[in-house]
Amino acid sequence: KNQVEQSPQSLIILEGKNCTLQCNYTVSPFSNLRWYKQDTGRGPVSLTIMTFSENTKSNGRYTATLDADTKQSSLHITASQLSDSASYICVVGGGATNKLIFGTGTLLAVQP
Amino acid sequence: DAGVIQSPRHEVTEMGQEVTLRCKPISGHNSLFWYRQTMMRGLELLIYFNNNVPIDDSGMPEDRFSAKMPNASFSTLKIQPSEPRDSAVYFCASGYYNEQFFGPGTRLTVL
């Protein structure tokens, strides 16, 4: 079954600290992996998209990594800011019908 | 560009009533997606269109749900009759190549 699992479910960190969010997937065949940021009350916003051949991609203080062999991805946030408080959703494209399969997200709270 | 526009932003209705959600995609984008988000199930794809044609509606929960895209600048998602379990946030996303841009969502509450 095609699934995307994220950990932790929630995370609290202090402003200025780094953190890493994890995503494991069982989607096959694999097409691409995306990380979205969703602020409370708003729609998701794309942070990164990676294909099979890419193993890292950065967007400012956000760096995503992909290990297609182990089917794992991580999102690293450097020097966190209060505005990083949001839900981070891992989405994998692929499967027999090339759909997007969503994880349930990691809720990050950055405290001053 | 104003981005993806959805209306209404909030909708409260009673069980059994018809609900119509509206979406205006970003001009020039050729794909449009309807999603539903709940706390329990997260984001779920309901249906998507490519060049105004429905491509995959396997995520539509049942016959009470229907979606149309009469032209490149407008789409509707209709629920008739609505039920309390339809309460959720419904997102429309506009797609171009491999990227999707989400609208602000419509929060639907069915009493």
Determine, from the Cβ-Cβ distance of A:SER28 and B:VAL53 and an R0 of 30 Å, the FRET efficiency 1/(1 + (r/R0)^6), rounded to the nearest 0.05. 0.65
One finds, for A:ALA79 and A:ASN55 with R0 = 35 angstrom and r their Cβ-Cβ distance, a FRET efficiency to the nearest 0.05 of 0.95
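How high is the relative contact order of segment B:1-53, in percent, counting Cα pairs under 8 Å that sit 6 or more residues apart?
Relative contact order of segment B:1-53: 29 percent.
About its Cα centre, what dipole magnitude does chain B give when the only charges are +1 on Lys and Arg Cβ and -1 on Asp and Glu Cβ, stated in debye to the nearest 20?
220 debye
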Along the charge dipole of the protein assembly as shown, Cβ charges K/R +1 and D/E -1, which of A:ASN32, B:ASN50, B:VAL4 sits furthest on the positive end? B:VAL4
Along Cα→Cβ, 7 Å out, is where each label goes; now give me the distance between the ones at B:GLU83 and B:THR20 in nm to one decimal. 2.4 nm
Once A:GLN111 and A:GLU5 are pulled to full extension, the length gained, defined as 0.36 nm per residue separation minus their Cα-Cα distance, is 35.6 nm
About the Cα centre, and with charges only on the beta carbon of Lys, Arg (+1) and Asp, Glu (-1), how big is the dipole of segment B:1-66? Nearest 20 debye, please. 220 debye
Taking the number of other C-beta atoms within 10 Å as the exposure measure, put A:ILE13, A:ILE77, B:ILE55 in order starting with the fewest. B:ILE55, A:ILE13, A:ILE77
Can you compute the charge dipole magnitude of chain A about its Cα centre, using +1 on each Lys and Arg Cβ and -1 on each Asp and Glu Cβ, nothing else charged? Give it in debye, rounded to the nearest 20. 200 debye
By the rule of another cysteine's Cβ lying under 4.7 Å, the cysteines of chain A that fail to get a partner are A:CYS19
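Every number here is computed from the coordinates shown, using simple stated rules; none is lab data. Values in this document were obtained by computation on a predicted structure and should not be read as measured data. Because the Cβ atoms are built from the backbone with ideal geometry, glycine has one as well, and the counts that use them run over all protein chains shown.
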